[in-house]
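**Q** Attaching a single structure in structure tokens format; questions to follow.
The values are calculated or read from the model by the stated rules, or taken from the named source; none is laboratory data. Just so it is clear, the model here is predicted, and its values are computed rather than measured. Using ideal geometry, Cβ is built from the backbone for each residue, glycine included, and neighbour counts are taken over all protein chains shown.
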2 protein chains.
Amino acid sequence: MTGQINPPNRLLMGPGPINADPRVLRAMSAALVGQYDPVMTGYMAETQELYRQVFRTRNDATLLVDGTSRAGIEAALVSLLEPGDRVLVPIFGRFGYLLQEVAERCGAEVHSIEREWGTVFPVSELEAAIRRVKPKLVAVVHGDTSTTLAQPLDELGAICREHGALLYTDATASLGGNEFAADDWGVDVVTAGLQKCLAGPSGTAPISLSPAAVEVVESRKSIEAGIAAEGAPRSPRRIRSNYFDLGMILDYWGPSRLNHHTEATSALYGARECARILVEEGLDVAVARHELHGRALAAGLQGLGLTLFGDQEHRMNNVVGVFIPEGLDGEAVRRTLLEDFAIEIGTSFGPLHGRIWRVGTMGYNARKDTVLTTLAALEAVLHRAGAKVAPGGGVTAAYEVYA
Amino acid sequence: MTGQINPPNRLLMGPGPINADPRVLRAMSAALVGQYDPVMTGYMAETQELYRQVFRTRNDATLLVDGTSRAGIEAALVSLLEPGDRVLVPIFGRFGYLLQEVAERCGAEVHSIEREWGTVFPVSELEAAIRRVKPKLVAVVHGDTSTTLAQPLDELGAICREHGALLYTDATASLGGNEFAADDWGVDVVTAGLQKCLAGPSGTAPISLSPAAVEVVESRKSIEAGIAAEGAPRSPRRIRSNYFDLGMILDYWGPSRLNHHTEATSALYGARECARILVEEGLDVAVARHELHGRALAAGLQGLGLTLFGDQEHRMNNVVGVFIPEGLDGEAVRRTLLEDFAIEIGTSFGPLHGRIWRVGTMGYNARKDTVLTTLAALEAVLHRAGAKVAPGGGVTAAYEVYA
């Protein structure tokens, strides 16, 4: 007979998922209530209000999509984009390609611009592309974990508005550990996930839509036959997905409580607790914590004699890319770290595969003990693998940052 | 400050979600491991094997879709159906309309046939429709909770095969509490959810695909640019959704472990435990348990003087529809049951709204104590509401079934 779930202890210091905050897992183990129980709809309303704070928005349309972070991405794009719509996708890493690909599958006319991995776009380049493409939507990743970098967005909303475009961003990798301000930056739609700085498990995608974005979604509204009242809307421009139809999902979360899916109750309990922990700590305090431990980690990796990857000016606080030393088997090092020290660090994708590791310090794991332990263990493993490392150099450099 | 998750005690005797088995919630609170940790991929493989047993199939392609049950439905339909494909949807309740609607949004040419709610299709009617429509796919709900009925499927697979059609069914409402045999019945694709007889929370959709269904999916394979190797497949018949692209999801669960989403680890822990509990009890034993308690519940409701809804020959074991007595406010009764007895029973949709309640006894709640308690409480509430009920009639009738 298959045994019970009994995972070994792991310190997850990769680009995410990371160890969930134990408070989140405890919240998820609470008993279920019915989907229209006033207790449940109360939890839903509280969750919406908490994520408004996390996204720094007053958007009424702030809620959860039941699925992993890319469920949020697809819900945003398929609900906003109709076949033939022009969309501009600036790509500076793997998840830019994901936005491109999802938009293509929506039938949109996709215009992509690309930067070398390890760099971000100067805002002037984005503005020039918007001027040229005249998109309905600009879809850009905020922090792309594949390269560890974050695209500055603070000026982009105003530029989009000037050119009549909506701005969508995915903040899965960055939210909670890096500054993010949906309303101040003029972001129309933002999506996220829990498995990075929010310290929860993958499986829930918080999303927020500006009134302008809601207007687009509502103009395509169509209610399914099994529950539609006489004369219910049925747009000929119906959204191509039922599951990701944000119009119907908004009706489920809104005052009409019109049934769509059956909300994933345990996941909602977890998502609510993730946001509650972050709001309780204070968003600015949490960002400063990620900045401190990210800086200590980066200094420590350099202190070991390793070279950091990418434009450090635009690196996310919560993940550091570092070149694998010449001649070393990067996967063997990761394996030894996992098997002998129970510490996981990340591999990488595409052009960076085999060239860099990605080491994260985020959410519940953005702590001094996790950073120091990881540096000490990495030094030991590199030393045994025959790499030249500065003895004690990693931990010493990190301590200097903490001093 | 928003307080911690602290739901009140509830006995959920509606059509689902129902109370999760405490073992499932405990499994979900286990610590996370990395998504490519051998422990995690081991749990994934065990989960696949457990669901092969639950679905009674040898399909290699048996896995989880990260989302609620309708995520499984949409993944099946969007992966199988191309724009213009002919699909036959026999509708005998709300969830038939859902299949119709999802298939329409996939761009398929949808041919629906309908039965009055409360009845199911004679197999001859289905065969005649298949002969007429010549569909690529027949998509039919197994048990439709909206009407409490289950469509017999045991002969349908052979008929579909004879006419060159694939057979898809959604067994969310029935699986685990009613006989189901994917391979013996010739079902090509089956989807489910956890929140009914599987005794887990909503949020995960187990799915199984026959080799013939996998062939269709693989013929449309396209790997996203951010992770594709040189020369990776890129079908011009690409599936319209990235999130629900079963070809990519199969690669993630299969030996290549090609990254798609980040698996919802806690949800997987829960799904694995749901199946483990069921397999441990024995599938036949679990079905017999649902049959017994469903029969006791139905007898009890009749013993109270109430009239059952729908063709009882084809009622699912796990949910009973019952007419609201003339002149009674059905919602007020439900409210009193919830507020004063902490028991939830279900309302209904569409043509049955305001006419019937739906009372479930499924999964963890398919027990003698839950059935007797619900009948006693319902009697008390009906009595206080001024309805004519046979005193002790419900509990007595149920006891007779148990005798």
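**Q** Cβ-Cβ distance below 7 Å, separation of 6 or more or different chains: which pairs start in the stretch A:339-368 with a residue that is over 18 Å from A:Trp117 (Cα atoms) and end on one that is of a type in the set (Phe, Trp, Tyr) and surrounded by 24 or more Cβ atoms within 10 Å (Cβ to Cβ)?
**A** Sorted first by the residue in the stretch A:339-368, then by its partner, the pairs are A:Ile345/A:Trp357.
**Q** For a quick check of your reading of the model, give me the residue pairs whose first member lies in the stretch A:109-123 and is in the same structural domain as A:Leu352 (by TED's automatic domain parsing) and at pLDDT 95 or above, whose second is surrounded by 20 or more Cβ atoms within 10 Å (Cβ to Cβ) and not in a strand (DSSP E or B), with beta-carbon atoms closer than 8 Å and at least 6 apart or on different chains.
**A** Cβ pairs passing all conditions: none.
**Q** Restricting attention to the stretch B:336-368, report how many residues are touching a His at 6+ places or on another chain (Cβ under 8 Å) and either within 12 Å of chain A (Cβ to nearest Cβ) or surrounded by fewer than 22 Cβ atoms within 10 Å (Cβ to Cβ) (or both).
**A** Taking the stretch B:336-368 as the starting set, the residues that turn out to be touching a His at 6+ places or on another chain (Cβ under 8 Å) are B:347, B:361-362, B:366-368.
Retained after the next criterion (residues that are either within 12 Å of chain A (Cβ to nearest Cβ) or surrounded by fewer than 22 Cβ atoms within 10 Å (Cβ to Cβ) (or both)): B:347, B:367-368.
Adding up the residues that qualify gives 3.
**Q** Answer with yes or no whether B:Met316 is hydrophobic (A, V, I, L, M, F, W, C) and within 14 Å of chain A (Cβ to nearest Cβ).
**A** Values: hydrophobic (A, V, I, L, M, F, W, C): yes; within 14 Å of chain A (Cβ to nearest Cβ): no.
The answer is no for B:Met316.
**Q** Another question about this same structure. Say whether the condition of being closer than 30 Å to B:Leu268 by Cβ, touching a Cys at 6+ places or on another chain (Cβ under 6 Å) and part of a helix (DSSP H, G or I) is met by at least one residue in the stretch A:92-106.
**A** So the first thing to find is which residues in the stretch A:92-106 are closer than 30 Å to B:Leu268 by Cβ, and the list is A:93-106.
Then keep just the ones that are touching a Cys at 6+ places or on another chain (Cβ under 6 Å); that gives none.
No.
**Q** Suppose the filter is assigned to a helix (DSSP H, G or I), of a type outside the set (A, V, I, L, M, F, W, C) and in the same structural domain as A:Ile73 (by TED's automatic domain parsing); does A:Asp183 pass it? Walk me through it before giving the result.
**A** Values: assigned to a helix (DSSP H, G or I): yes; of a type outside the set (A, V, I, L, M, F, W, C): yes; in the same structural domain as A:Ile73 (by TED's automatic domain parsing): yes.
Against the criterion (assigned to a helix (DSSP H, G or I), of a type outside the set (A, V, I, L, M, F, W, C) and in the same structural domain as A:Ile73 (by TED's automatic domain parsing)), A:Asp183 qualifies.
**Q** Next question, about the same structure. So, of the residues in the stretch B:82-107 that are of a type in the set (A, V, I, L, M) and more than 12 Å from every other protein chain (Cβ to nearest Cβ), which turns out to be surrounded by the fewest Cβ atoms within 10 Å (Cβ to Cβ)?
**A** Applying the first criterion (of a type in the set (A, V, I, L, M)) to the stretch B:82-107 yields B:87-89, B:91, B:98-99, B:102-103.
From the residues that got through so far, the ones that are more than 12 Å from every other protein chain (Cβ to nearest Cβ) too are B:87-88.
Numbers: B:Val87: 27, B:Leu88: 24.
Looking at residues that are of a type in the set (A, V, I, L, M) and more than 12 Å from every other protein chain (Cβ to nearest Cβ), I get B:Leu88.
**Q** Next question, about the same structure. How many residues, within the stretch B:136-150, are within 17 Å of the chain's Cα centre (by Cα), more than 14 Å from chain A (Cβ to nearest Cβ) and either in a strand (DSSP E or B) or at pLDDT below 95 (or both)? Step through it out loud before you land on a result.
**A** Keep residues of the stretch B:136-150 that are within 17 Å of the chain's Cα centre (by Cα), which gives B:139-150.
The next check asks that each one be more than 14 Å from chain A (Cβ to nearest Cβ); those that pass are B:140, B:142-143, B:148-150.
Keeping just the survivors that are either in a strand (DSSP E or B) or at pLDDT below 95 (or both) gives B:140, B:143, B:149-150.
Number satisfying all stated conditions: 4.
**Q** Which ones in the stretch A:10-49 are polar (S, T, N, Q), more than 7 Å from chain B (Cβ to nearest Cβ) and not in a helix (DSSP H, G or I)?
**A** Of everything in the stretch A:10-49, nothing turns out to be polar (S, T, N, Q), more than 7 Å from chain B (Cβ to nearest Cβ) and not in a helix (DSSP H, G or I).
**Q** How about the stretch B:114-135: which of its residues are assigned to a strand (DSSP E or B) and surrounded by fewer than 18 Cβ atoms within 10 Å (Cβ to Cβ)? So that I can check it myself, show each step before the final result.
**A** Of all residues in the stretch B:114-135, those assigned to a strand (DSSP E or B) come to B:114, B:117, B:119.
Correct list: B:Glu114, B:Thr119.
**Q** Can I ask one more? In the list B:Ser202, B:Ser235, B:Ser219, B:Ser241, which residue meets the criterion of being more than 14 Å from every other protein chain (Cβ to nearest Cβ) and among the polar types (S, T, N, Q)?
**A** On the way: B:Ser202 fails: more than 14 Å from every other protein chain (Cβ to nearest Cβ); B:Ser235 fails: more than 14 Å from every other protein chain (Cβ to nearest Cβ); B:Ser241 fails: more than 14 Å from every other protein chain (Cβ to nearest Cβ).
Answer to the selection: B:Ser219.
Let's see how each residue does on (1) assigned to a loop (DSSP other than H, G, I, E, B); (2) within 14 Å of chain A (Cβ to nearest Cβ); (3) more than 24 Å from the chain's Cα centre (by Cα):
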residue	(1), (2), (3)
B:Val322	no, no, no
B:Arg334	no, yes, no
B:Ala377	no, no, yes
B:Gly386	yes, no, yes
B:Ala390	yes, no, yes
B:Thr396	no, no, yes
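**Q** Among all residue pairs at least 6 apart or on different chains, which show Cβ distances below 8 Å where the first residue, located in the stretch B:308-323, is at pLDDT 95 or above and the second is among the hydroxyl-bearing types (Ser, Thr, Tyr) and surrounded by fewer than 22 Cβ atoms within 10 Å (Cβ to Cβ)?
**A** Partner pairs satisfying both residue conditions: B:Gly310/B:Thr119; B:Asp311/B:Thr119; B:His314/B:Thr119; B:Val322/B:Thr307; B:Phe323/B:Thr307.
**Q** Which condition from (1) surrounded by fewer than 17 Cβ atoms within 10 Å (Cβ to Cβ); (2) touching a Gly at 6+ places or on another chain (Cβ under 6 Å) is the one that A:Val217 breaks?
**A** Against the list (1) surrounded by fewer than 17 Cβ atoms within 10 Å (Cβ to Cβ); (2) touching a Gly at 6+ places or on another chain (Cβ under 6 Å), A:Val217 comes up short only on (1).
**Q** Please pick out the residue among A:Gly300, A:Gly294 that is farther than 20 Å from A:Ala61 by Cβ, in contact with a strand residue (DSSP E or B) (Cβ under 8 Å, 6 or more places away or on another chain) and part of a helix (DSSP H, G or I). Working first, answer last.
**A** Details: A:Gly300 fails: in contact with a strand residue (DSSP E or B) (Cβ under 8 Å, 6 or more places away or on another chain).
Answer to the selection: A:Gly294.
**Q** So which residues in the stretch A:219-231 are within 23 Å of B:Ala71 (Cβ to Cβ) and out of contact with any helix residue (DSSP H, G or I) (no Cβ under 6 Å at 6 or more places or on another chain)?
**A** Taking the stretch A:219-231 and keeping what is within 23 Å of B:Ala71 (Cβ to Cβ), we get A:220-228.
Answer for the stretch A:219-231, where residues must be within 23 Å of B:Ala71 (Cβ to Cβ) and out of contact with any helix residue (DSSP H, G or I) (no Cβ under 6 Å at 6 or more places or on another chain): A:Arg220, A:Ser222, A:Ile223, A:Ile227, A:Ala228.
**Q** Quick one: A:Asn365 ticks every box in (1) at pLDDT 95 or above; (2) out of contact with any helix residue (DSSP H, G or I) (no Cβ under 9 Å at 6 or more places or on another chain) bar one, so which box is it?
**A** Answer for A:Asn365: the failing condition is (2).
**Q** Take B:Asn259 and decide whether it is over 23 Å from B:Ser210 (Cβ atoms), crowded, with 24+ Cβ neighbours inside 10 Å and not small (Gly, Ala, Ser).
**A** Numbers: over 23 Å from B:Ser210 (Cβ atoms): yes; crowded, with 24+ Cβ neighbours inside 10 Å: no; not small (Gly, Ala, Ser): yes.
No: the conditions fail for B:Asn259.
**Q** Kindly provide the set of residues from the stretch A:269-285 that are surrounded by fewer than 24 Cβ atoms within 10 Å (Cβ to Cβ) and either more than 9 Å from chain B (Cβ to nearest Cβ) or without any contact (Cβ under 8 Å) to a residue 60 or more places away in the chain (or both), ordered by number.
**A** Within the stretch A:269-285, A:Ile277, A:Glu280, A:Glu281, A:Gly282, A:Leu283, A:Asp284, A:Val285 meet the criteria.
**Q** Among the residues of the stretch B:250-268, count how many are within 23 Å of B:Pro201 (Cα to Cα) and away from every other protein chain (no Cβ under 11 Å).
**A** From the stretch B:250-268, those within 23 Å of B:Pro201 (Cα to Cα) are B:253, B:261-268; that's our starting set.
Within this subset, residues satisfying the condition of being away from every other protein chain (no Cβ under 11 Å) are B:253.
Here the count works out to 1.
**Q** Residues in the stretch B:216-257 that are out of contact with any Leu (no Cβ under 9 Å at 6 or more places or on another chain) and part of a helix (DSSP H, G or I): how many?
**A** 1
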